[in-house]
Structures are given as structure tokens and as C-alpha cells.
Amino acid sequence: MSIRSTVGSVLESAIGRERTNTIRRMERRARNALAKRLAMEPPQKPASKPQKKPAPPKPKPTPAPRGWQPSDPFVSHPEPHLTRHELLQGIHEKIRPRTYLEIGIRTGRSMVLSRCRSIGVDPFFKIDNPIHCDVQLIKATSDDFFAGDEPLAHFEGVPVDLAFIDGMHLSDFALRDFINIEPFMADTGVVVLDDVLPRNGLEAARDRKTEPWTGDVYKVVEILRRRRPDLVVLLINTAPTGTAVVLGVDSASTILKDAYAEEEDYLLRPDPQTPPQEYMERSIAIEPDVLLKSPVWDELVAIRESGASADLLPLWAELRSLTS
């Protein structure tokens with residue numbers, strides 16, 4: 001029996017049932033009122049722990065420096081009217097080469113111009129342009145490519161009519177490329193070198209510092225002119241960094257190969273580089289349309305197609321006259 005029942009029985013025997021029931025009703029009303037009042041009061045929140053001070057914001061990381069530093073102001077020079085690819089396309093159209101060799105194909109932007117049997121060499125090429133020719137792509141450095149057995153076997157004995165050197169932008173690499181290519185060239189062949197007209201000394205640095213970058217390839221032109229006066233070496237004012245067109249090659253010549261060791265100090269001279277002022281000003285460069293309009297190209301193709309030996313010296317003299 002509960003305590004309330006026991007108390008109720010004692011009261012009934014002492015004061016009677018009626019008076020006890022009255023007490024029970026009063027007690028029940030009081031208890032209900034108290035319960036209702038307690039239910040209306042908002043619950044007490046437990047004492048909160050002292051809040052920690054917010055941590056200071058982490059400093060933002062210093063942005064990594066850009067890969068290339070701003071270039072020095074360009075030396076004033078005539079505004080180019082054609083790009084290197086437009087010049088190269090024009091030469092393709094003029095000489096209609098039977099074979100084309102390209103060093104430094106990268107994405108294939110130059111290779112798309114070829115419509116003949118072609119070879120492209122680059123250790124890191126990633127072609128994202130459609131190619132429309134019979135092409136062999138070699139993933140290797142040019143030095144390794146030429147060191148192999150019969151590197152130009154794809155041409156089946158046909159000499160190179162057109163070569164484009166646009167590989168490593170360092171003079172020693174570019175000169176070796178020319179030395180390695182010349183023995184395979186036709187005597188009517190054309191070699192095009194890119195990036196020979198830096199617009200300031202910083203752009204010509206061997207240790208690359210700028211986004212547009214020629215490196216010191218301009219030294220190759222100087223060596224060709226100094227060591228090989230038999231060659232026709234024409235500087236062309238193309239965008240962005242100039243090209244050189246070389247004719248009069250001699251597949252039997254070993255002059256450059258024999259002189260390479262003597263030129264190494266000049267080729268490997270550390271930065272800063274000091275390109276000749278006339279290179280940066282392009283005062284000795286000719287406009288590409290002047291070169292492409294020359295009648296020499298038709299004569300050159302006719303001689304090549306005839307298969308007969310011919311005196312090419314008058315053609316070379318005519319091309320040299322374009323610079324005067």
C-alpha cells in the first residue's frame with residue numbers, strides 16, 4: 001500500500017470519510033496546479049563553459065612567383081607583317097618540297113603545312129593539330145635522332161628539300177642541328193632557323209627568364225656567316241622573334257663540324273647575352289614578302305626537277321642582293 005493510501009485510511013478512521021475526501025480533492029487540485037505551473041516555466045540552460053577565444057586567421061600563403069619575369073622593353077624595330085608560320089607556308093608553296101624535316105614539332109602547328117613525305121623530331125611532342133602528309137614522328141632529342149642508324153630512312157634516299165630548325169633555343173643545340181642536317185640536304189635545299197632575332201638581351205638569355213624566348217640562337221647566324229661565307233644566310237623580319245633562311249648548302253662540307261670545338265666558348269658564354277644591335281633593330285632583316293616574291297624560287301625548282309647539274313651561284317647572288 002502506498003503512503004497516500006495509508007494516510008487516507010488513518011484520516012478516515014479519525015475524521016470520517018467525507019472530510020477525508022474533501023482533503024483529498026484539495027490536495028489533488030494543489031498538486032495539479034503546481035504541475036501546470038512547473039510545465040510553463042522555460043527549462044533552465046546548463047551553465048555554459050567559457051568559450052575559447054577564436055584562433056587568429058591563418059595568413060594567406062604568398063602566391064608563388066610567376067614562371068617568367070617581365071621582359072625588358074623591346075628595341076624599336078619594323079612591325080612584322082607575317083608570322084614565322086606564314087613565311088614557312090610560303091616557302092612550302094614556292095619550292096614544293098619532296099621531303100621535309102622538322103626539329104622541334106611540339107603540337108604539330110608547323111607540320112600541318114607539309115604535303116610531302118616528312119619527319120618530325122621532338123622529345124616531348126604532343127600533337128593536337130591535324131597532319132596531312134606521310135609523316136614519321138620521332139620522340140627523341142635531335143642529337144639522339146641523328147646518332148641513330150639511317151635516321152632519314154623514311155625518305156628512301158631522297159635528299160631533304162626543306163628543313164625547319166625550331167628545337168632547343170640554345171645556340172649549341174641549334175648549330176649541331178644544322179651540322180647534322182646539312183649532309184642530308186639537296187644542293188637546292190632550304191634550311192629555316194627560328195628565333196634568331198631577339199628583341200632585347202633578356203629575351204636572348206640562355207637561362208630562360210621571359211615568356212617570349214629566343215635564347216641565344218642568333219649566335220648560329222653569326223657563326224654561319226663567319227665560317228661559311230659560301231652560304232646564303234638571310235634574316236627575315238617575322239613575328240614574333242625572326243627567322244633565318246639558309247641556302248647554298250654543301251652536303252660534303254665539314255667546316256662547321258671541324259670548327260665546333262673552337263666555337264664552344266662563344267656558344268656557351270653565360271648570361272647576360274648581348275645580341276648585336278642590328279639584330280634587335282632588325283635593320284639587316286628583309287621583309288618576308290620581298291623574299292617570297294623573288295623569281296629565284298621558280299628557277300630553283302626547275303633546276304631540281306630537271307635532275308641536271310647547274311650553276312647555282314647566280315641564284316645565290318640574286319638572293320644576297322635582296323639585303324642591299
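Any read-out appearing in this document is the output of simple, stated calculations on the displayed coordinates, not a laboratory observation. Quantities reported herein were computed from a predicted structural model and do not represent experimental measurements. Positions of Cβ are generated from backbone atoms using ideal geometry, with glycine treated the same way; all protein chains shown enter the neighbour counts.
Each of Met168, Met111, Met26 has some number of other Cβ atoms within 10 Å of its Cβ, and from fewest to most they run Met26, Met168, Met111. Here the scattering of segment 84-323 is modelled by Debye summation over its C-alpha atoms, one equal scatterer each and no solvent; at q = 0.13, 0.15 Å⁻¹ the log10 of I(q)/I(0) is -0.76, -1.05. For segment 74-195, what class follows from the C-alpha gyration tensor (a ≥ b ≥ c being the square roots of its eigenvalues): rounded when a/c is under 1.5, otherwise prolate if a/b is larger than b/c, else oblate? Here segment 74-195 falls in the rounded category. Once both labels are positioned 7 Å from their Cα atoms along Cα-to-Cβ, the gap between Ile284 and Ala261 label points is 2.9 nm. Separation of the alpha carbons by more than 31 angstrom is noted, of Lys94/Lys209; Lys139/Lys293; Lys209/Lys293; Lys139/Lys219, for Lys94/Lys209; Lys139/Lys293; Lys209/Lys293. Ordering Thr241, Thr107 by the number of other Cβ atoms within 10 Å of each residue's own Cβ, fewest first, gives Thr107, Thr241. Among the trypsin sites (Lys or Arg not before Pro) in segment 251-324, those located in a DSSP loop and surrounded by at most 13 other Cβ atoms within 10 Å of their own Cβ are Lys293.
Under a model in which nothing but the beta-carbon of Lys, Arg (+1) and Asp, Glu (-1) is charged, segment 84-323 shows a dipole of about 440 debye around its Cα centre. Put in line by how crowded their Cβ is, counting other Cβ atoms within 10 Å and starting with the fewest, Asp134, Asp187 read Asp134, Asp187.
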